[in-house]
1. I'd like the full set of residues that are buried (at least 22 other Cβ atoms within 10 Å of the Cβ), more than 7 Å from every other protein chain (Cβ to nearest Cβ) and either more than 19 Å from A:G138 (Cβ to Cβ) or hydrophobic (A, V, I, L, M, F, W, C) (or both), limited to the range A:86-107.
2. So B:Y124 passes all but one of these: (1) within 14 Å of chain A (Cβ to nearest Cβ); (2) at pLDDT below 95. Which condition number does it fail?
3. Do any helices (runs of 4 or more DSSP H) entirely within the range B:130-230 hold 1 or more residues that are within 28 Å of A:L103 (Cβ to Cβ) and away from every other protein chain (no Cβ under 14 Å), and if so, which?
4. For the range A:46-62, state whether one or more residues are of a type in the set (S, T, Y), farther than 27 Å from A:E221 by Cβ, within 8 Å of ligand 1 (Cβ to nearest atom) and in a strand (DSSP E or B).
5. Any idea how many residues of the range A:1-45 are within 12 Å of ligand 1 (Cβ to nearest atom), more than 14 Å from chain B (Cβ to nearest Cβ) and among the β-branched types (V, I, T)?
6. Could you pull out the residue among B:G243, B:G232 that is crowded, with 21+ Cβ neighbours inside 10 Å and modelled with pLDDT under 95?
7. Given A:T210, A:T231, A:T187, which one is surrounded by fewer than 18 Cβ atoms within 10 Å (Cβ to Cβ), over 19 Å from A:L87 (Cβ atoms) and touching a residue at least 60 places away in the same chain (Cβ under 8 Å)?
8. Can you find even one residue in the range A:123-146 that is touching a Cys at 6+ places or on another chain (Cβ under 6 Å) and within 12 Å of chain B (Cβ to nearest Cβ)?
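The values are calculated or read from the model by the stated rules, or taken from the named source; none is laboratory data. Quick caveat, the model's predicted, so the values are computed rather than measured. Every residue, glycine as well, gets a Cβ built from its backbone with ideal geometry; the counts of neighbours run over all protein chains shown.
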Amino acid sequence: MLQVKELTVHYGKALAVENVSLDVKEGEFVAVIGPNGAGKTTLFKTISSVIKPSSGEIYFEGKRIDTLPPHEVAKLGIAHCPERRRLAYRMTVMENLELGAYLRDDREGIAEDLNYVFELFPILKERKNQKAGTLSGGEQQMLAIGRALMANPRLLMMDEPSVGLAPLMKERIFEAIEEIKMERKVTILISEQDASLVLPMSDRAYVMETGKIKMEGRGKELMDNDYVKVTYLGL
Amino acid sequence: MIETLLNLIVSGILIGGLYALAALGLTIVLGVMRIINVSHGAFYTLGAYFTFLFSVMLGMNYIAAFLLSVVIVFAVGVIYERALIKPIRKEELNVLILTFAAAFVIEEIVKFTFGPRYRNIPPYLSGTVTFFGGSVDVQRVFSFVIAIAIVTLLILALRFTKVGKAMRMVAEDEEVAGLLGINVERIQMVSFGFGAVLAAAAAALLSPIYLLYPAMGWDPLLKAFAIVIFGGMGSITGTVLTGIIFGVAEVLTGYYISPTWKTVVPFILLILIISVKPTGLFGEEE
Ligand SMILES: Nc1ncnc2c1ncn2[C@@H]1O[C@H](COP(=O)(O)OP(=O)(O)O)[C@@H](O)[C@H]1O
Ligand SMILES: [Mg+2]
């Protein structure tokens, strides 16, 4: 479904992603793990076409997307839940969710997905008329995920959904992600620093360090890998 | 005494509504595009002269002249944005200088086309209404009512329509707006057009009250800047209230102190407020 081929990305002269190849098949749950500064966010932003690569190509369902503007990429069915939420903080919870469905006009479908989001995160329903900026960090992360779900995407990309949250809230978010994985017919690409949260539920994962893919494998395999154990699982 | 005061406040509010309208255009462009548009006053000038062209020179009815002017200025704004702003929008200083230069070019075009002398559009409504024992021109009341109607419509559109919500999203986070499927460049182009329209509408509504001349846009531009900063950059409510506060302050100063101080008062108020609250009246602290 998604193919990233030999991607290299710079910020000015600084190299952020170097010769990264990655693919995601329909229905898969794929994780990218790696420490802060590894290039995960840059990789995700390049897939969404917010950043243009210096070289390499990105294909979605066979169509080249790195040359498209971001809104055209979104139109193809890719939703990107950005790192650190990035909500419309001065708008209400409901308005943020409506903006998630910006490209849709199937009223019934939108209403169904709204129900689904409210079932997944009941607190959002309670707070639907509140400004997003007044929510707690965890609630904001729920809203960011809910907003991405409202697009009813084919590929859902979540960039470090647990970053900056308290341990309990991290778990709560990952329970929700597991639920999305089970219940929705959506392909998922997720990045995460906390490998112990994401590897158990990943079909496959990539380990990214200093801009490069260091390793890849099935989630379970990587959990048994000595390097991953020592470096990422603290075992 | 008290009647005079109330009467002055009424005239201040009437003129302030039009200041608010003009300043709102600047607020929207600032919010959605993060640029300071020094050409805003030139769009004001164009609005006045197009109304003059259609109503006085071509003898059209005033409402038709107003609507036609507004539509033309919208088109001018959109073309201006595509041709001049879009290629350099990220370079803030260049945008500042370019919009400054373009304002002079537009002024010269107006001077060349209509001549340098003062023009006026005769009031199309006559008579006065009485408020608190004082009288106010029907013309001014009408212009104010239309201005407030436009402001209200705009606020409702921003709140409830899809384009309005997209504009607010772009104002908050351009990059994420793109991720959500919003065509950011198109929203910005349209916002710029609307911004120009608000300046033009204010000018068209003021044209039966004030005189027209090619450099007429600079004064409202400065006033609009002062209003936008006083109200808190990007705050619609702040802009509207400040417009009215400035209108009233001007009229009161003109009457009780001296007409020469009248034009300076908004700027004195501005300096006072930003020394107390640097983000302006309704500005959010970062
Ligand atoms: N906007 C930017 N400008 C310049 N360098 C950046 C920018 N964003 C990230 N970087 C650099 O690119 C590298 C990768 O960062 P990032 O993609 O954010 O990694 P991660 O998401 O894995 O933490 C880091 O060295 C970071 O400092
Ligand atoms: Mg990151």
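1. Hits for the range A:86-107 are A:L87, A:V93, A:L97, A:A101.
2. (1)
3. B:138-160, B:184-206
4. No.
5. The total comes to 5.
6. On the way: B:G243 fails: modelled with pLDDT under 95.
Going through B:G243, B:G232 in turn, the sole match is B:G232.
7. The match here is A:T210.
8. Just the residues of the range A:123-146 that are touching a Cys at 6+ places or on another chain (Cβ under 6 Å), to begin with: A:144-145.
Add one more test, that the residue is within 12 Å of chain B (Cβ to nearest Cβ), and what stays is A:144.
Within the range A:123-146 (the criterion being touching a Cys at 6+ places or on another chain (Cβ under 6 Å) and within 12 Å of chain B (Cβ to nearest Cβ)), the answer is yes, since at least one residue qualifies.
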